[in-house]
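Enquirer: Here it is: the structure, laid out below.
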Ligand code: NAD
């Protein structure tokens, strides 16, 4: 039997046209949420939404005015946004600090930190006024363990910490805010890194105690749980969904 966790409530999924966001949007739609996918390109976003019976809106999460306008349009069309998956994010191109331009560095911070903040505040202030709501921010295992991604990993560490700070801010207003930290998931950017020889899929599998990558739907299941009433006393946490990667490398001897 399909669980009706959403009960027709509106959830906005940013970065929902691809990868983890799309898989999560699809799962939330199946569990009774009224899903709105937000992403950059209007045609691609509308196409993704049509596949799963969701609505769509194109905006750049790093743009303050576009984000506020998007939220106003969503609420005018669908009613109050009661949940947010602040998931839109970008990986940095390459890992060598000398090859990363400052404009590339700034873009990573603009989307992964400023964009997450804008999405959370734009949705969360409305939730806080109404006295209820749920937010999940996409972090990363690189937020907790250092990686040679000196723009991306700190942006994710800050995003995870922001979930805890906003949980403190809005706890008394009935808004729960949590982070979810995926391990390696075979989405388009990870597949591209594998194809370019920047990541070895066997090494990624070997590093996880479960001996495999994570499926996008498995992140979606964690998000659905954190947004559901089953998680009603959970706020300010960071939930790794990482095939055990953070727990430590598997001993093979
Ligand atoms: P993806 O590229 O498949 O999806 C990301 C989506 O975000 C894209 O559709 C993109 O258009 C959108 N987006 C990017 N910038 C945007 C902006 N400024 N405004 C609106 N939308 C924007 O990548 P993914 O792997 O599904 O990543 C989703 C999230 O998960 C990201 O935050 C990423 O950092 C995080 N993450 C991914 C992995 C992994 O292994 N794939 C691991 C840890 C964390």
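Please treat every number below as a calculation from the coordinates, not as lab data. All of these numbers come straight from a predicted model, not from anything done at the bench. When we count neighbours, we look across all protein chains shown, and the Cβ atoms used for this are built from the backbone with ideal geometry, even at glycine.
Enquirer: For segment 12-33, which positions are within 16 Å of the ligand (Cβ to nearest atom) and either surrounded by fewer than 24 Cβ atoms within 10 Å (Cβ to Cβ) or under 15 Å from residue 79 (Cα atoms) (or both)?
Expert: Correct list: 12, 18, 19, 23, 26, 27.
Enquirer: Just to be sure, is residue 229 away from the ligand (no atom under 12 Å from the Cβ), loosely packed, with under 15 Cβ neighbours inside 10 Å and in contact (Cβ under 8 Å) with a residue 60 or more places away in the chain?
Expert: Against the criterion (away from the ligand (no atom under 12 Å from the Cβ), loosely packed, with under 15 Cβ neighbours inside 10 Å and in contact (Cβ under 8 Å) with a residue 60 or more places away in the chain), residue 229 qualifies.
Enquirer: Is it the case that some residue within segment 125-144 is more than 15 Å from residue 180 (Cα to Cα), in a helix (DSSP H, G or I) and touching a strand residue (DSSP E or B) at 6+ places or on another chain (Cβ under 6 Å)?
Expert: Yes: segment 125-144 contains one or more residues that are more than 15 Å from residue 180 (Cα to Cα), in a helix (DSSP H, G or I) and touching a strand residue (DSSP E or B) at 6+ places or on another chain (Cβ under 6 Å).
Enquirer: Looking only at residues in segment 62-71 that are more than 24 Å from residue 224 (Cα to Cα) and more than 11 Å from the ligand (Cβ to nearest atom), which one is surrounded by the fewest Cβ atoms within 10 Å (Cβ to Cβ)?
Expert: 65
Enquirer: I've got another one for you. Which one of these does residue 163 not meet: (1) closer than 22 Å to residue 63 by Cβ; (2) without any contact (Cβ under 8 Å) to a residue 40 or more places away in the chain; (3) surrounded by 17 or more Cβ atoms within 10 Å (Cβ to Cβ)?
Expert: (2)
Enquirer: Continuing with this model, one more query. Looking at the structure I just gave you, is residue 91 within 22 Å of residue 196 (Cβ to Cβ), surrounded by fewer than 23 Cβ atoms within 10 Å (Cβ to Cβ) and in contact (Cβ under 8 Å) with a residue 60 or more places away in the chain?
Expert: Yes, satisfied.
Yes/no matrix, rows are residues, columns are (1) within 14 Å of the ligand (Cβ to nearest atom); (2) more than 19 Å from the chain's Cα centre (by Cα); (3) crowded, with 23+ Cβ neighbours inside 10 Å; (4) free of Cβ contacts under 8 Å to residues at least 24 places away in the same chain:
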| position | (1), (2), (3), (4) |
| --- | --- |
| 35 | no, no, yes, no |
| 42 | yes, yes, no, yes |
| 50 | no, yes, no, yes |
| 60 | yes, no, no, no |
| 76 | no, yes, no, yes |
| 80 | no, yes, no, no |
| 83 | no, no, yes, no |
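Enquirer: Answer yes or no as to whether residue 114 is closer than 21 Å to residue 214 by Cα and either within 11 Å of the ligand (Cβ to nearest atom) or not in a helix (DSSP H, G or I) (or both).
Expert: no
Enquirer: Kindly provide the set of residues from segment 145-170 that are within 11 Å of the ligand (Cβ to nearest atom) and not in a helix (DSSP H, G or I), ordered by number.
Expert: Result: 147, 149.
Enquirer: Also, I was wondering about something else. If a residue has to be part of a helix (DSSP H, G or I) and over 20 Å from residue 86 (Cβ atoms) to count, how many in segment 205-228 make the cut?
Expert: 2
Enquirer: Any residue at all in segment 101-111 that is more than 16 Å from the ligand (Cβ to nearest atom) and either in a helix (DSSP H, G or I) or surrounded by 17 or more Cβ atoms within 10 Å (Cβ to Cβ) (or both)?
Expert: Yes.
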